[in-house]
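*Asks:* Submitted below is the structure of interest, expressed as structure tokens.
Please treat every number below as a calculation from the coordinates, not as lab data. As the structure is a prediction and not an experimental result, all values here were calculated from the model. Here the Cβ is made from the backbone with ideal geometry for all residues, glycine too, and neighbour counts use every protein chain on show.
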Amino acid sequence: MSAITIYQEFLDEVSDALLAHDADRFLQRVFRPHLIVTETEEILVETDTDARRQFEGFANALASQGVDAYIRSAREAWFVDASTLIGRHESYIMSGSKLIVPRFSNETRLVLRAGVWGSTETRHHARYVAWPDILPRPS
């Protein structure tokens, strides 16, 4: 399977889980420790409790804005080695076919563990006033 196919499948799975407010399904694909990098801060998520808090904050922020589509479109992905890949994608957060925030770019490192591709580092090219409770703002 190609790197971009694996990457897009990962993006679709975590987006669907986020909108469904399914923390268990989402967190199965976000490995700990996980580094979140934004334009304004770095957050190291080390425990399951921290990961669930981060998930709940972002999922609740999306729900409060009536988000009904979180589209992540893979632009490129490449294998670093047989069990690591890096990808770049664009994110579109929408409600009723309108963007809630401007489109923003992201990069994610995926690793293969026990047959599952999951992220260990995510870089959002956006600012967050108080991650994870506030939606992204353009850089």
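*Asks:* Quick one: among Ile43, Ile100, Ile86, which has the greatest mean-square fluctuation in a GNM of the chain with alpha-carbon springs under 10 angstrom?
*Replies:* For the chain, modelled as a Gaussian network with Cα springs under 10 Å, the answer is Ile43.
*Asks:* A further question follows. Starting at the first residue of segment 79-93, write each ³J(HN,Hα) from the Karplus equation 6.51 cos²θ - 1.76 cosθ + 1.60 with θ = phi - 60°, in whole Hz, x for Gly and Pro.
*Replies:* 7, 7, 7, 5, 10, 9, 9, 10, x, 10, 8, 10, 10, 10, 9
*Asks:* Rounded to the nearest 0.05, what FRET efficiency do Asp50 and Glu9 have when you use their Cβ-Cβ distance and R0 = 25 Å? Write down the numbers at each step before the final one.
*Replies:* On the way: r = 26 Å, r/R0 = 1.03.
Calculated transfer efficiency: 0.45.
*Asks:* What is the ratio of the Cα radius of gyration of segment 3-134 to 2.2 N^0.38 Å, with N the residue count, to two decimals? Mind showing how you got there, number by number?
*Replies:* Details: Rg = 13.8 Å, N = 132, 2.2 N^0.38 = 14.1 Å.
Ratio of Rg to 2.2 N^0.38 Å for segment 3-134: 0.98.
*Asks:* At a threshold of 8 angstrom on Cα-Cα distance, excluding pairs fewer than six apart, so keeping six or more, what relative contact order does segment 3-134 reach in percent?
*Replies:* Once normalised by length, the contact order is 29 percent.
*Asks:* Taking a label point 7 Å from the Cα of Ser73 along the Cα→Cβ vector, which residues of segment 1-44 have an amide N closer than 19 Å to it?
*Replies:* Counting only backbone N, you get 4-16.
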